[in-house]
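To start, the structure under review is shown below, and the notes come after it.
Computed from the coordinates by the stated procedures, all read-outs in this text should not be read as laboratory data. Because the structure is a prediction, the values reported are computed rather than measured. Glycine gets a Cβ as well: all are built from the backbone with ideal geometry, and neighbour counts include every protein chain shown.
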Amino acid sequence: MFVIVAKYLIPKGYRGLTVFPFMFIKHQFDSENKVLINHEKIHIRQQLELLVLPFYVWYFVEYAVRLFQYKNANLAYRNISFEREAYANELDFDYLKKRTFFSFLNHLKTNKS
């Protein structure tokens, strides 16, 4: 995994973006942010287990479904199963050691709000 500071590549309102094998972060100081780095490492694992390209297809299809469901871009993003898994476990720095394959499937069920 390679961490690259790319201020203009990251969409407004976000601090990081992972495109295997690269982790792009908006600000240099976030390279020391253990929570953000852990969140993005979870995405690296998700991408690897789906052999990278299918991850992106699934991600964007699920985002479109969630956008239709919630009619709100932020809620749609937050309820993508990959994001739900990463946000739920970003504070657990041992999560990737105990994570089972396809754990994002446990996060397919969405919030009502």
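At-a-glance table
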read-out: Selection count where residues are surrounded by 13 or more Cβ atoms within 10 Å (Cβ to Cβ) and in a helix (DSSP H, G or I), scope the range 48-63; value: 7
read-out: Count of residues meeting criterion [closer than 12 Å to VAL3 by Cβ, hydrophobic (A, V, I, L, M, F, W, C) and in a helix (DSSP H, G or I)] in the range 20-47; value: 3
read-out: Per-region count, the range 92-104, residues part of a loop (DSSP other than H, G, I, E, B) and of a type outside the set (D, E, K, R); value: 4
read-out: Answer residue from the range 64-91, given it is touching a residue at least 40 places away in the same chain (Cβ under 8 Å) and not in a helix (DSSP H, G or I) and is nearest to VAL19 (Cα to Cα) among those; value: GLU90
